[in-house]
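Enquirer: Mind having a look at this structure? Questions to follow.
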Amino acid sequence: MSLITCKDVSLAYEGKNVISGLDFSVESGDYLCIVGENGSGKSTLIKALLRLKSPSAGVIETGEELLASEIGYLPQQTIVQKDFPASVYEVVLSGCLNRLGRRPFYGKAEKKMAQENMKHLDISDIQRECYRDLSGGQQQRVLLARALCATKKLLLLDEPVAGLDPVVTQELYQLIKKINKELGITIVMVSHDMNSIIKDASHILHLKNDNIFFGTTAEYEQTSIGEEFIGGEERE
Amino acid sequence: MNNVLAEMFSYPFLTRALIVGTLVALCAALLGVSLVLKRYSMIGDGLSHVGFGAMVIATALNVAPLVVAIPVVVLAAFLLLRLSQNSKIKGDAAIALISTSALAVGVMIISMTTGMNTDVYNYMFGSILAMSENDVRLSIVLSAIVLVLFVVFYNRIFAITFDETFAQATGTKAGLYNMMLAFLTAITIVLGMRMMGAMLISSLIIFPALTSMRVCKTFKSVMINAAILSIFCFFVGILLSYVFATPTGASVVVVNIVMFLIYSGIGFVKERG
């Protein structure tokens, strides 16, 4: 059974249909990259996958073993967060909130989990630092650690490298690849940066109004829509 | 100094003012951290103006002020929250709209009924004499509720303050906790506004949080620092107000301003050093 299955899904944004007839599925262990121009509905689709928005038609099913609240999410940064007075540890720990159920406070298990995920992302040594004092790349690592606390299976990333410099961007892609391969967590990522991700992603979902492509990365490179988007200069 | 304190506590009205003030200062500071970070600072200001309108109406109808003000302000809080989240009129404009409307309606009612008397003046700028025995009891119960809810939901409040979308995506009912914050803020404002004055009560919400953020690096330390600072400023303020016979609200705000400047200085030096 797939982790997520979209069947003939239509999504509307402020009353206008942005996506229709969307069919795709995400299997456990996949690395799916969602690409497309601005306004093609990528962020709307992410919101729908997170159940923050319901599709105007069709269904989005999650596999039996995946609860909607168990999806780790790396949102685009908000202005509020830029100057937020919280330690790295506090932010990461807040990812465990969906494990609390009715309990008011975090227990040993959650604290241990936060520590482990900080270790995975190599931020244990800055756990006492203030979030607002970190660099953009470090902040993304913190948010990634928080997202890992919220999930064991699936991570949704919404333009994780926006605003980062090229070196940090590559580091972050390496990390995401590592999370996918070593921790076995399924990745669904929105990105503009085709050339970098085409090496890592196993599947591509290209949104372009009525012209939707879904398939493996190898298949994508063969299609005209893919060629156009990847850009001629990279291909000999 | 000790003499002044002993003298102060010998007046029952001052003891009452101190009890209620301390509780309100504590609640306001805790809620303030979240409100300031969520960019809802002006909600406190808007609500206090609505509270002013409600109290004037209560006076005109000759009923107990809190009985009218609490439900009206709670309703206004929910309305402001909705407006600031999903409306064509954006948050700050919506708040300005509601607060000036409430003020205007209040002033109209005053001029048609009692005219500008001491009661009205006290609603606007606060009075240390405002607290009755009943008010003290009500304040203790309500602030206890605010504090308990705040502690129990501390981790949820952190999550929705830092990142509402993430909290919602991972199954936290952000809307519900936003409503709770608005509800607790409304109650705190109504409790505090008669002592601090409708014009100045929002300072209790904004100042301790902002001041703490100059120096503190973690959410928890901002909270704790804001709470202690708020109570300290209130205490010093009321002392000043007693010694120099100045209005309570303004005195407390002045102490808050001084602390803000001191903390900003410390923060600046730390950043450089």
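Every number here is computed from the coordinates shown, using simple stated rules; none is lab data. The structure presented is a predicted model; accordingly, all values stated were derived computationally and were not measured. A quick note on method: Cβ atoms are made from the backbone with ideal geometry, for glycine too, and the neighbour counts reach across all protein chains shown.
Enquirer: Taking the Cα centre of region B:2-272 as origin, work out the dipole magnitude from +1 charges on Lys and Arg Cβ and -1 charges on Asp and Glu Cβ, in debye rounded to 20.
Expert: Here the size comes out at about 700 debye.
Enquirer: Report the label-to-label distance for B:TYR11 and B:LYS173 in nanometres (one decimal), using points 7 Å from each Cα along the Cα→Cβ vector.
Expert: 4.6
Enquirer: Another question, then. Averaged over every viewing direction, what's the projected area of the C-alpha convex hull for region A:95-138? Give it in nm², one decimal, please.
Expert: 3.8
Enquirer: Here's a follow-up. In deg cm²/dmol and to the nearest 500, what is the mean residue ellipticity at 222 nm of the protein assembly as shown if only DSSP H runs of at least 4 residues count, each as -39500 (n - 2.57), divided by the residue total?
Expert: Result for the protein assembly as shown, helices only: -19500 deg cm²/dmol.
Enquirer: Kindly write out, for region A:6-14 in residue order, the coupling ³J(HN,Hα) from the Karplus curve 6.51 cos²θ - 1.76 cosθ + 1.60 (θ = phi - 60°), rounded to whole Hz, with x marking Gly and Pro.
Expert: Using θ = phi - 60°, the values come out as 9, 10, 6, 7, 10, 10, 10, 10, 6 Hz.
Enquirer: While we're here: Give A:LYS7/B:LYS173; A:LYS111/B:LYS173; A:LYS199/B:LYS220; A:LYS178/B:LYS38; A:LYS177/B:LYS220 a once-over and call out the pairs whose C-alpha atoms are over 32 Å from each other.
Expert: Pairs exceeding the cut-off: A:LYS199/B:LYS220; A:LYS178/B:LYS38; A:LYS177/B:LYS220.
Enquirer: Quick one: among B:LEU26, B:LEU61, B:LEU229, which has the greatest mean-square fluctuation in a GNM of chain B with alpha-carbon springs under 10 angstrom?
Expert: B:LEU61
Enquirer: Compute the distribution of all C-alpha to C-alpha distances in region B:18-98, in bins of 10 Å from 0, and list the percent of pairs in each, rounded to whole numbers.
Expert: Result returned by the calculation: 18, 41, 33, 8, 0.
Enquirer: What is the ratio of the Cα radius of gyration of region B:2-272 to 2.2 N^0.38 Å, with N the residue count, to two decimals?
Expert: The reported ratio for this selection is 0.99.
Enquirer: Something else: Nearest-5 percent of antiparallel DSSP beta bridges in the protein assembly as shown?
Expert: Beta bridges within the protein assembly as shown, antiparallel portion: roughly 50 percent.
Enquirer: Considering the options B:THR113, B:TYR177, B:LEU31, tell which one lies farthest towards the positive end of the dipole of region B:2-272, charges being +1 on Lys and Arg and -1 on Asp and Glu at the Cβ, about the Cα centre.
Expert: The one lying farthest along the dipole's positive direction is B:TYR177.
Enquirer: Could you calculate, for the protein assembly as shown, the ratio of the Cα radius of gyration to the Kirkwood radius, expressed as Rg to Rh?
Expert: 1.06
Enquirer: What Kirkwood Rh does chain A have if only Cα atoms enter the pairwise 1/r average? Answer in Å.
Expert: Hydrodynamic radius (Kirkwood, Cα pairs) of chain A is 18.5 Å.
Enquirer: Right, here's the next one. Provide the per-residue ³J(HN,Hα) series for region B:201-216, in order, calculated from phi with Karplus coefficients 6.51, -1.76, 1.60 and θ = phi - 60°, each as a whole number of Hz, with x at glycine and proline positions.
Expert: Each residue of region B:201-216 in turn: 4, 5, 4, 5, 7, 8, 4, x, 5, 4, 4, 4, 5, 4, 10, 6 Hz.
Enquirer: OK, next. Note down the nm distance, to one decimal, between modelled labels 7 Å out along Cα→Cβ at A:SER224 and at B:LEU261.
Expert: A separation of 7.2 nm, rounded to one decimal place.
Enquirer: Could you pull out every residue, at least 5 positions away or on a different chain, whose amide H is within less than 5 Å of the one on A:LEU74? Hs are placed 1.01 Å off N in the peptide plane, and Pro or chain starts have none.
Expert: For A:LEU74, the qualifying residues are A:LEU156, A:LEU157, A:ASP158.
Enquirer: Now a separate question. Across bins of 5 angstrom width beginning at 0, how are the C-alpha pair distances of region A:1-130 distributed, in whole percent?
Expert: Distribution as computed: 2, 8, 15, 17, 17, 15, 13, 10, 4, 0 percent.
Enquirer: Compute the distance in nm between two label points, each set 7 Å from the Cα along the Cα-to-Cβ direction, one at A:LYS82 and one at B:VAL152.
Expert: Reported label-point gap for A:LYS82 and B:VAL152 is 3.8 nm.
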